[in-house]
Every structure is written in C-alpha cells, then in structure tokens.
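Written out below as structure tokens is the structure these notes cover.
The values are calculated or read from the model by the stated rules, or taken from the named source; none is laboratory data. Treat the numbers as computed from the prediction; the structure is a model and nothing was measured. Neighbour counts are summed over all protein chains in view; Cβ atoms, including those assigned to glycine, are modelled from backbone coordinates with ideal geometry.
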Amino acid sequence: VIETGQPEHSVVTTCAYCGVGCSFKAEMRGEELVRMVPYKDGKANRGHSCVKGRFAWGYANHRDRILNPMIRESIDQPWREVSWDEALSFAAGRLKGLQEEYGKNSIGVITSSRCTNEETFLVQKLARAVFRNNNTDTCARVCHSPTGYGLGQAFGTSAGTQDFDSVEHSDVVVVIGANPTDGHPVFGSRLKKRLRDGAKLIVIDPRRIDLVRTPHVEAAYHLPLRPGTNVAVLTAMAHVIVTEGLMNEAFIRERCDWDEFQDYAAFVADERNSPEAVEASTGVPAEAVRGAARLYATGGNGAIYYGLGVTEHSQGSTAVMAIANLAMLTGNIGRPGVGVNPLRGQNNVQGSCDMGSFPHELPGYRHVKLPEVRAIFEEAWGVEIDSEPGLRIPNMLDAAVDGTFKGIYIQGEDILQSDPDTKHVAAGLAAMECVIVHDLFLNETANYAHVFLPGSTFLEKDGTFTNAERRINRVRRVMRPKNGYADWEVTQMLANAMGAEWNYTHPSQIMDEIAATTPSFAGVSYDLLEEKGSVQWPCNEANPEGSPVMHVNGFVRGKGKFIVTEYVATDEKTGPRFPLLLTTGRILSQYNVGAQTRRTANVVWHDEDVLEIHPHDAEQRGIREGDWVRLSSRSGETALRARITDRVAPGVVYTTFHHPDTQANVITTDFSDWATNCPEYKVTAVQVTPSNGL
Ligand code: SF4
C-alpha cells in the first residue's frame with residue numbers, strides 16, 4: 001500500500017536521502033503521514049522526485065526504531081531501558097570521568113551528514129566548547145573530504161561552483177566517477193534532458209553507466225579507465241589542451257596565478273603525461289582522450305560533474321585538483337553552464353562540512369589555528385578554543401587501540417558498516433570505555449556501545465539541510481518526535497549534563513548563532529528562508545540574495561591556483577592471487593547501507609547486491625549468470641551472485657554495497673587518500689571463484 005487515505009493538511013519539507021535536496025509536501029492526517037508529494041516550487045527539483053523521496057519514508061514508523069534510551073556498564077551485558085535523565089547523566093559522568101583520568105583529548109564526536117545543519121553545529125560545538133578539544137569528524141571523511149581539500153586549495157572554498165539550473169546552459173558535460181541517473185536521479189533527469197536537447201557528453205568511468213547509451217542520449221566519448229587512474233587520464237587531457245594551444249589564456253592571465261600556471265603547464269606538457277604515454281596504465285585509447293580533451297576545451301560551456309569515483313582513492317584529493325585545473329585551463333568557471341560540481345551523496349554532506357565538523361576547521365572552513373577565527377567563537381561561546389587540530393576518525397580509532405582515546409559520541413552514523421577495515425573499527429570501538437550511539441536503530445556500531453540515545457527522523461524536527469548546490473533548504477517538523485526529542489535537543493541535554501548552560505528553544509536560534517559567527521551564512525535566517533523558500537550560500541551583505549554561481553569575478557582565495565597533479569599508482573596491486581580490480585557503486589532504489597530503504601515496506605526493493613563480471617572473466621572461471629561466487633581480497637571475503645555483463649571491462653568487477661550481508665567493506669583495503677584519509681573504496685584487487693553461497 002503506498003497511499004493511505006485523505007490528508008487534512010500539508011507541510012513543505014526536504015527529502016532526507018541524497019544531496020539533490022528535493023522539496024516535498026508532506027500531506028498529513030493528524031500525526032499520520034499520508035503521502036509525500038514533490039513540491040512544484042522546490043528550486044532543486046521543480047516538482048520532480050525519485051522513488052526514494054516519494055515513497056521511502058516508512059522507516060520512520062518501523063518496529064525496529066528504538067524509542068527509549070538504554071545503557072549498560074559493559075558491552076557484554078544486556079541493554080537496560082532507562083529514563084532520559086538517567087541515560088544522559090550516565091553518559092556525561094563517564095565522559096567527564098574519562099577526561100579526568102586520561103586527559104581532555106581522550107574523547108570526541110562524530111557528526112552526521114544525515115542530520116540538520118543546526119544539529120551538526122551543536123555536535124561540533126559540544127566537542128569544542130564542552131569537551132574543549134577539536135576531536136570532531138564527520139562521515140564525509142569517507143566520501144567527499146577530498147572535495148573539501150582539493151577545491152579549497154584550488155579555489156578557496158570547499159563547495160560546488162554552480163546551481164543545478166546551470167546545466168541548462170552547458171554545451172559539454174563531463175561526468176566522471178558518478179552515476180547521476182542512479183545516485184542523484186532528479187538531477188540525472190535534468191542532465192538527460194539537456195543531453196537530449198543537444199549538449200555533448202563525456203563519461204569517464206570504468207563501468208558503462210546508463211548515461212553512456214540510453215534512449216536519445218549517446219556519449220560522445222566514454223573513457224573506460226582502469227580503476228585508480230583518474231589522475232593520469234585528467235592530466236593527459238590537460239596535456240592535450242596545453243600542447244595543442246586550446247587553453248583560455250586570457251582567463252588564466254586575469255584570474256589565476258600566472259607563475260604557478262607556468263610551472264603547471266611545463267609539468268603537463270611533459271611527454272610522460274601524454275595520452276599515448278599513459279595508455280597502457282589507464283587502459284584508455286589515446287585517441288579517445290585526445291578527442292575528449294578537444295571537445296571539452298572547444299565545445300562551448302563545459303561543466304564537470306563528479307562523485308565518489310573521484311574522491312574515494314589514494315589520490316582522491318589530487319583528482320579533485322586535476323578537475324579544478326581543467327576548469328581553470330579552459331575558463332570554465334564563474335558563469336552559468338560551466339564549473340566543477342561534486343555530486344554529494346548524503347542529504348547534508350555539504351552542510352556537515354560547512355558547519356565545522358572537521359577537526360582542523362571551525363564553521364565556514366576556517367582553520368582552528370587562526371587566532372582571529374577562534375576569537376569569534378570564543379566571544380560567542382565564552383570559552384577558550386583549542387588551537388590544535390583534533391583527531392580524524394581513523395586517528396581516533398588508532399588512538400583507541402593504543403589506549404589514549406577512550407570515549408565517543410556518534411550521531412547518526414554507523415561507522416562499523418560504513419568505514420573501511422571493519423576489524424580495525426571494531427577493535428577501536430571495543431577498546432573505548434564510553435561509546436554513545438545516537439541513532440534511529442540499533443545499528444552495527446551499537447554492538448560496541450554503552451549508551452544508546454534514540455534519534456529522531458527528518459519528519460520529527462525543524463532545521464535546514466544544504467544540498468550539493470549549496471542550497472539551504474528548510475526541514476520542517478510534520479509530527480512529534482516518537483522518541484520525545486529532536487536530535488538537537490538531545491545534544492543540548494548531553495552538553496548541559498556535562499556542565500554547559502545551553503538554552504536553545506528552537507533551531508532558528510542555532511541558525512542565528514551560525515549566521516553571527518560564519519561569514520558565508522551571515523545573511524541566513526529562518527525569516528529569509530520562509531520568504532525565499534531557500535538560498536544558496538554565500539548569503540551575506542555582499543550577496544543578499546545568495547549565490548547560485550560562485551567565483552564570478554574572482555576566486556574566493558583571490559587568484560585560482562594551478563596545482564601539479566603527479567599521477568602515483570595506488571599501492572593496491574593486482575597479481576596472480578588477486579588478478580581483478582573491484583570497484584563499487586549504488587542503485588536507484590537503495591541508499592547506502594540500506595538502514596532506511598530496507599525498512600520501508602511500501603516499495604519493492606532489490607533484495608541483494610550482485611557482482612558484475614565481464615563474460616571473458618566469467619568464462620575463464622566457469623561462472624554462469626546468477627551463480628554464487630566468492631569475492632576475496634587481501635582483507636577478507638564475501639559471497640554474492642554473478643551478473644555477466646560487458647558493462648565492465650575484462651579485468652574489472654563491480655558491486656553495490658547496500659546489503660549488510662554482503663559486507664563490501666570486509667573486502668576493501670585500508671589505503672586512503674594522502675591528504676584526507678578518505679578510504680580507497682574504489683580500487684581493490686580481488687579474486688572471484690565459484691561458491692555455494694553465503
Ligand atoms: Fe530525495 Fe535525492 Fe530522490 Fe530527490 S533525487 S527525491 S533528494 S533521493
């Protein structure tokens with residue numbers, strides 16, 4: 001049953017799944033949600049939606065939801081339901097005790113890209129103003145942290161440069177390491193329309209995604225690169241543009257650092273970066289790279305859209321900078337139809353980064369070492385802010401295993417399922433003396449928790465999400481929290497149980513504090529959001545209407561920075577034992593580890609992950625369509641069914657990661673991005689053999 005009776009009233013709110021940020025009318029009968037109707041005035045979706053936002057909200061009422069707080073002395077004991085007061089004083093007592101015994105840096109927090117900006121702001125404030133350290137990190141660590149680093153270096157701000165409307169002005173679209181029709185379906189539809197209307201498409205992806213050939217759309221170029229070679233291909237494209245004189249010299253002279261450009265141009269012009277020189281390592285025919293580079297440089301407005309197939313590599317940050325280099329080389333920045341556009345995965349991954357979740361940055365991407373920035377927050381919060389960057393998630397886990405990191409508050413995140421090297425995550429969690437999980441369900445991480453604080457769904461709270469185009473959308477409460485409190489209230493209660501004196505009564509007050517301390521949000525208020533529906537940051541005195549397109553007259557950092565992008569092959573090597581390369585992705589009807597989509601009964605979801613394997617590799621192994629196969633790597637193994645397809649090249653296999661039974665992260669390696677520690681999920685040397693099943 002999809003729709004259940006007639007509504008009495010409706011509330012406009014924002015989808016809590018992906019970074020497109022579609023607006024919906026939640027049609028209600030009393031406290032019962034009857035249906036979600038795509039909102040025609042929603043600026044990100046203009047009345048469109050995908051199956052997840054439209055139908056996949058049943059998890060909010062699922063019997064698996066935990067509605068009462070629980071505690072236990074140790075993880076081998078059963079849970080005990082307690083009052084909120086008892087749970088919070090137990091948690092606060094343990095955290096304070098750990099700081100007294102092991103020092104103030106022995107505890108930390110992990111924020112959630114699923115929660116609101118206001119909730120995220122409070123969680124990092126808990127670390128900085130109450131714990132008095134910078135031990136705050138975010139689940140963006142494992143997805144788009146290289147975007148934060150790479151775009152910050154090149155342009156001075158860690159965000160996509162365009163709005164979604166911009167695609168209607170594009171003449172050439174490059175899609176690299178993303179699958180918009182599955183991962184970001186509403187934007188994917190807009191992109192397909194633009195392609196049907198005549199824009200040219202270049203796809204750079206190991207797998208033949210649907211966009212390469214779909215009704216009325218055919219990519220001009222598909223570069224099916226070997227997983228792990230993005231930087232080599234992107235730098236080879238730059239080689240063609242520079243050596244064939246296709247760059248936009250006027251733009252570079254006016255907008256970029258000319259000396260740095262000359263160093264960069266000399267680097268890319270070197271013959272070792274030519275398409276011919278890297279053909280063997282990338283697997284992409286040199287002529288195709290040359291053709292794609294010429295088309296991007298000369299085809300009119302060129303826009304690049306990318307996803308986790310760019311970031312989740314040992315050179316993820318380098319690849320982001322290589323993309324930024326291409327945009328600056330060709331002057332494809334600062335007007336509609338062009339730009340560098342990360343397609344954010346989760347609903348508020350942009351916002352969680354904006355709100356200061358990273359251990360080295362206060363809200364608004366300002367380094368904690370800057371005394372003038374700390375002074376703003378010290379005055380607002382009445383405490384001294386630590387000037388030393390805190391620990392990233394992997395460093396927290398390492399320190400826990402070493403015995404120096406003892407307690408953590410994790411809001412809306414299942415690190416045991418989503419982070420790499422599951423065994424190490426488990427060892428780190430098991431070594432801690434106070435793990436507080438604040439979530440909707442008893443997730444895998446909660447197996448190691450001492451305190452479970454029930455979370456609230458997006459339907460049960462007010463706040464804002466920021467989508468992939470920097471659009472701040474209102475989230476509106478449509479029903480009372482089933483657990484009693486919105487997540488921001490729980491964080492406030494925990495802070496106060498530890499001695500703080502916070503007294504927010506509505507998230508709008510938290511947004512006012514964000515605006516008062518963060519220049520890019522200075523003009524944002526709930527009143528403005530009511531008036532305009534949504535705004536795109538920066539929104540301040542200089543940009544009172546917000547900023548659909550960034551870097552129009554100059555880069556945020558001043559001059560655009562060209563960065564030498566030397567290709568370094570990953571340490572993850574194929575060999576006789578593990579001769580194939582595994583890469584991963586997602587499908588339209590599921591979402592990440594499936595915690596919500598698998599708990600939604602009103603749609604038929606696909607019920608297993610499958611392994612795509614090329615007919616040649618399957619035949620060599622005696623594998624037929626639908627057979628169970630064992631997928632093994634140096635880290636571990638799992639079993640799943642085979643799908644034989646030439647969507648993947650010989651030597652490459654592909655799977656989704658939505659089902660906990662598959663446990664794709666048991667397979668992946670512990671290599672990570674050199675700059676940000678983002679795990680290298682997209683390249684794993686594997687073997688595939690026939691199997692009898694799970
Ligand atoms: Fe929700 Fe994304 Fe689908 Fe829009 S495209 S309805 S934001 S999941």
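Below, the figures for the structure above:
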{"read-out": "Residue match in segment 410-417 (condition: small (Gly, Ala, Ser), in the same structural domain as ALA515 (by TED's automatic domain parsing), over 23 Å from GLY636 (Cβ atoms) and at pLDDT 95 or above)", "value": "no"}
{"read-out": "Odd one out for SER274 among (1) more than 30 Å from PHE164 (Cβ to Cβ); (2) of a type in the set (S, T, N, Q); (3) buried (at least 24 other Cβ atoms within 10 Å of the Cβ)", "value": "(3)"}
{"read-out": "Spans of helices (runs of 4 or more DSSP H) in segment 158-268 with at least 3 residues more than 23 Å from HIS614 (Cα to Cα) and within 16 Å of the ligand (Cβ to nearest atom)", "value": "185-196"}
{"read-out": "Meets criteria (buried (at least 24 other Cβ atoms within 10 Å of the Cβ) and part of a strand (DSSP E or B)) for TYR296", "value": "no"}
{"read-out": "Residue tally, condition buried (at least 24 other Cβ atoms within 10 Å of the Cβ), modelled with pLDDT of 90 or more and not aliphatic (A, V, I, L, M), over segment 1-23", "value": "7"}
{"read-out": "Any chance LEU308 is farther than 19 Å from ALA178 by Cα and out of contact with any helix residue (DSSP H, G or I) (no Cβ under 7 Å at 6 or more places or on another chain)", "value": "no"}
{"read-out": "Residue in segment 536-545 that is aliphatic (A, V, I, L, M), out of contact with any Cys (no Cβ under 8 Å at 6 or more places or on another chain), outside any helix (DSSP H, G or I) and free of Cβ contacts under 8 Å to residues at least 60 places away in the same chain present", "value": "yes"}
{"read-out": "Where ILE323 falls short, out of the listed (1) crowded, with 24+ Cβ neighbours inside 10 Å; (2) part of a helix (DSSP H, G or I); (3) modelled with pLDDT under 95", "value": "(3)"}
{"read-out": "Single unsatisfied condition, ALA426 versus (1) in a helix (DSSP H, G or I); (2) closer than 19 Å to ASP76 by Cα; (3) in contact with a strand residue (DSSP E or B) (Cβ under 7 Å, 6 or more places away or on another chain)", "value": "(3)"}
{"read-out": "Entirely in segment 450-489, the strands (runs of 3 or more DSSP E) that have 1 or more residues that are touching a Gly at 6+ places or on another chain (Cβ under 8 Å), within 16 Å of the ligand (Cβ to nearest atom) and touching a residue at least 60 places away in the same chain (Cβ under 8 Å)", "value": "463-466, 471-475"}
{"read-out": "Test: residue in segment 410-427 that is more than 25 Å from the chain's Cα centre (by Cα), crowded, with 24+ Cβ neighbours inside 10 Å and under 30 Å from VAL12 (Cα atoms)", "value": "no"}
{"read-out": "In segment 639-663, residue modelled with the lowest pLDDT [restricted to those that are under 25 Å from the mean Cα position of the chain (by Cα) and assigned to a strand (DSSP E or B)]", "value": "THR656"}
{"read-out": "Entirely in segment 34-128, the helices (runs of 4 or more DSSP H) that have 1 or more residues that are within 21 Å of ILE393 (Cα to Cα) and more than 15 Å from the ligand (Cβ to nearest atom)", "value": "84-102, 117-125"}
{"read-out": "Only listed residue being in the same structural domain as PHE131 (by TED's automatic domain parsing) and either touching a strand residue (DSSP E or B) at 6+ places or on another chain (Cβ under 9 Å) or surrounded by fewer than 21 Cβ atoms within 10 Å (Cβ to Cβ) (or both), chosen from ARG470, ARG557", "value": "ARG470"}
{"read-out": "Tally of residues being in contact with a His (Cβ under 9 Å, 6 or more places away or on another chain) and surrounded by 24 or more Cβ atoms within 10 Å (Cβ to Cβ) across segment 212-242", "value": "4"}
{"read-out": "Count of residues meeting criterion [of a type outside the set (D, E, K, R) and in contact with a Cys (Cβ under 8 Å, 6 or more places away or on another chain)] in segment 410-439", "value": "4"}
{"read-out": "Long-range neighbours under 8 Å by Cβ, at least six apart or interchain, first residue farther than 11 Å from ALA468 by Cβ and among the acidic types (Asp, Glu) within segment 178-194, second within 12 Å of the ligand (Cβ to nearest atom) and assigned to a helix (DSSP H, G or I)", "value": "ASP182/GLY188"}
{"read-out": "Segment 34-82, residues that are touching a Leu at 6+ places or on another chain (Cβ under 9 Å), surrounded by fewer than 22 Cβ atoms within 10 Å (Cβ to Cβ) and modelled with pLDDT of 90 or more", "value": "ARG65, ILE66, MET70, ILE75, TRP79"}
{"read-out": "Residue that is nearest to CYS139 (Cα to Cα) [pool: residues in segment 664-682 that are at pLDDT 85 or above and hydrophobic (A, V, I, L, M, F, W, C)]", "value": "CYS678"}
{"read-out": "Any hit, segment 343-351, residues being crowded, with 24+ Cβ neighbours inside 10 Å and among the charged types (D, E, K, R)", "value": "yes"}
{"read-out": "Residue in segment 369-385 that is crowded, with 24+ Cβ neighbours inside 10 Å, touching a helix residue (DSSP H, G or I) at 6+ places or on another chain (Cβ under 8 Å), under 30 Å from GLN536 (Cα atoms) and outside the structural domain of PHE155 (by TED's automatic domain parsing) present", "value": "no"}
{"read-out": "Failed item, numbered, when MET28 is tested on (1) over 30 Å from LEU429 (Cα atoms); (2) out of contact with any strand residue (DSSP E or B) (no Cβ under 7 Å at 6 or more places or on another chain); (3) more than 16 Å from the ligand (Cβ to nearest atom); (4) not polar (S, T, N, Q)", "value": "(2)"}
{"read-out": "Output for segment 396-422, where each listed residue is part of a helix (DSSP H, G or I) and in contact (Cβ under 8 Å) with a residue 40 or more places away in the chain", "value": "MET396, ILE415, GLN417, SER418, THR422"}
